[in-house]
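The values are calculated or read from the model by the stated rules, or taken from the named source; none is laboratory data. Fair warning: this is a prediction, and the values are worked out from it, not measured in the lab. All Cβ positions, even for glycine, are placed from backbone atoms using ideal geometry, and neighbour counts span all protein chains on display.
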Amino acid sequence: MARIETTSNRPYHLVIFGASGFTGQFVVEEVARTVSEGPNGTLKWAIAGRSKQKLEKVLEQAAGVLSRPELRSEVDIIVADVGEPDSLAAMCKQAVIVLNCVGPYRFFGEPVIKACVENGAHHIDISGEPQFLEGMQLNYSNQAAEKGVYIIGSCGFDSIPADMGVLYTRDQFKGTLTAVESFLTVKAGSEGGCIHDGTWQSAVHGFADSHTLLRIRRQFNHKPLPSVGSRLKRRSALFFSDEIQQYTVPFMGSDPSVVKRTQRYLVEEHQATPVQYGAYAGIGSLGNVLKVMFAGMLFWFFVKFSFGRTLLIKYPELFSFGLFSKAGPTKKQMDESSFQFAFYGEGYTEEQDPTKGKPNGKIRILVQGPEAGYVATPIAMVQAALTVLNEPAALPKTGGVYTPGAAFAKTTLINRLNKHGIQFSVV
Ligand SMILES: NC(=O)c1ccc[n+]([C@@H]2O[C@H](COP(=O)([O-])OP(=O)(O)OC[C@H]3O[C@@H](n4cnc5c(N)ncnc54)[C@H](OP(=O)(O)O)[C@@H]3O)[C@@H](O)[C@H]2O)c1
């Protein structure tokens, strides 16, 4: 079985594809910052996208932000378009790892994965779209395994904090952990928080096409995971959480799907005890509850038909009460934002037999970090890539399509994140 060399003679260790996007720009800056750190100093990297002019501007901006004028001339540019398979193949042949920031992934992601698998490049993305992530697992697992290529999805805020947070909770618990609930809170400063339109588009198309996800899951034909401990009860659609002292709703992102896939992998490949998971997000005061309910109802109504989706995509600010915008967050908004995941776990302590009685132990974990979408996401993506490069022996034995938890369970990714501002700690 071919396994590609991480100390490869390919021209670039990292190629950032979609570098001209809102998120791509911050990934470029994070790579530039990280590559200048001691042990990573010899990494070779390039940026890629469909417009050479835009990519030159990306380097210009990064050079200004980081006061590193040499970036303009030292970082190479690769022109590649999702619609031109030859250009993707040429890009992938030059890279050890492609950091793919081109989304919505449901429209643009598959050709990039295909080119990576066929041309022996590992692939890391920041997708939060379960249809795409699970569909790629269904379609490319075998080919990626044959080629020794690692396709690791959801390596941004979706879903590294949640997926690695559950594994951290399991590892810190002295005994057998059986269930975890996570409560996400996001803090914003005086100008509030904002998310760029790219994520809004991914969400609109994802919700509109939820039946595809059901079809993909039927094709997997998974058996239910064995249940250990008390069954984790699903909370209601809106409740006041004692844990985070605010009104709370089930988290609608990709975290539950990603964590469940990781747990299945660990049960099937490593005979681990499955951890049940429930994900919730705080929405704040009663005033916010009314806003969220109203925006949610509008969203559900408009997302169902094509003209409604066109309106949603045309006017993100209007339909999301300013939470999403075509301009994305300002620097001040990003500087003043942060996130916190509180994990509440339960299980059987070492003295208690997990096949008998009720769980008798509890644990609380925090995962905290800077602004989620464009500060924490680039940090998580870049540290995931460096883990693939530096710790090949700790990755799963064969290539394949993996969640972060499945790929990185045995690596030092959490230590790396701790050193770069995404903190995991036991309370
Ligand atoms: N996991 C997370 O927490 C997280 C956080 C942030 C973003 N994301 C995801 O990241 C993705 C990008 O978001 P964004 O806000 O950065 O979007 P964006 O600003 O619209 O960026 C999209 C990028 O894709 C490129 N692109 C579009 N069509 C292409 C094609 N045919 N060939 C090559 N490149 C093409 C664009 O290139 P041009 O500049 O040439 O148009 C641009 O670089 C979304 O799916 C979003 O959900 C996830």
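From the list Q263, Q271, Q245, which residue is touching a residue at least 24 places away in the same chain (Cβ under 8 Å) and polar (S, T, N, Q)?
Selected residue: Q263, the only one of Q263, Q271, Q245 that is touching a residue at least 24 places away in the same chain (Cβ under 8 Å) and polar (S, T, N, Q).
Can we say I160 is buried (at least 21 other Cβ atoms within 10 Å of the Cβ) and away from the ligand (no atom under 13 Å from the Cβ)?
no
State whether the residues of the range 298-306 include one that is crowded, with 23+ Cβ neighbours inside 10 Å, among the hydrophobic types (A, V, I, L, M, F, W, C) and either within 16 Å of the ligand (Cβ to nearest atom) or under 22 Å from P130 (Cα atoms) (or both).
Checked against the condition, which is being crowded, with 23+ Cβ neighbours inside 10 Å, among the hydrophobic types (A, V, I, L, M, F, W, C) and either within 16 Å of the ligand (Cβ to nearest atom) or under 22 Å from P130 (Cα atoms) (or both), the range 298-306 yields no hits at all.
From the list F132, F157, exactly one residue is among the aromatic types (F, W, Y) and farther than 28 Å from N418 by Cβ. Which is it?
F132
Which condition from (1) at pLDDT 95 or above; (2) at positive phi is the one that R264 breaks?
R264 satisfies all of (1) at pLDDT 95 or above; (2) at positive phi except (2).
Determine whether the range 108-126 contains at least one residue that is closer than 30 Å to S338 by Cα and surrounded by fewer than 22 Cβ atoms within 10 Å (Cβ to Cβ).
Yes: the range 108-126 contains one or more residues that are closer than 30 Å to S338 by Cα and surrounded by fewer than 22 Cβ atoms within 10 Å (Cβ to Cβ).
Which pairs do you get when a residue that is over 14 Å from Q131 (Cβ atoms) and assigned to a strand (DSSP E or B), found in the range 99-114, comes within reach of a residue that is among the aromatic types (F, W, Y) and within 8 Å of the ligand (Cβ to nearest atom), reach meaning Cβ atoms under 6 angstrom, with the pair 6+ apart or on two chains?
N100/F17
For V96, indicate whether it is away from the ligand (no atom under 11 Å from the Cβ) and outside any loop (DSSP other than H, G, I, E, B).
So V96 fits the description; yes.
Answer yes or no as to whether S325 is of a type in the set (S, T, N, Q), in the same structural domain as T185 (by TED's automatic domain parsing) and closer than 21 Å to A19 by Cα.
Here the answer is yes, as S325 does meet what is asked.
What's the number of the only condition in (1) among the aliphatic types (A, V, I, L, M); (2) within 30 Å of Y344 (Cβ to Cβ); (3) touching a strand residue (DSSP E or B) at 6+ places or on another chain (Cβ under 7 Å); (4) surrounded by 24 or more Cβ atoms within 10 Å (Cβ to Cβ) that A179 fails to meet?
Here A179 meets the rest and fails (4).
Which condition does G189 not pass, out of (1) more than 12 Å from the ligand (Cβ to nearest atom); (2) of a type outside the set (S, T, Y); (3) surrounded by fewer than 21 Cβ atoms within 10 Å (Cβ to Cβ); (4) part of a helix (DSSP H, G or I), if it passes all the others?
(4)
Specify the residue that is surrounded by the fewest Cβ atoms within 10 Å (Cβ to Cβ); the eligible residues are those in the range 202-229 that are part of a loop (DSSP other than H, G, I, E, B) and in contact with a Pro (Cβ under 7 Å, 6 or more places away or on another chain).
P226
Looking only at the range 329-361, which residues are within 16 Å of the ligand (Cβ to nearest atom) and part of a strand (DSSP E or B)?
S338, F339, Q340, F341, listed by residue number.
Quick one: which residue in R364, R416 is basic (K, R), part of a strand (DSSP E or B) and touching a helix residue (DSSP H, G or I) at 6+ places or on another chain (Cβ under 9 Å)?
One residue alone meets the criteria, R364.
Give the range 116-144 a look and list any residue that's β-branched (V, I, T) and within 16 Å of the ligand (Cβ to nearest atom), or say none.
I124, I126
List the residue pairs whose Cβ atoms are under 6 Å apart, where the first residue sits in the range 314-340 and is surrounded by fewer than 14 Cβ atoms within 10 Å (Cβ to Cβ), the second is part of a loop (DSSP other than H, G, I, E, B), and the two are 6 or more positions apart or on different chains.
Matching pairs, first to second residue: K332/E191.
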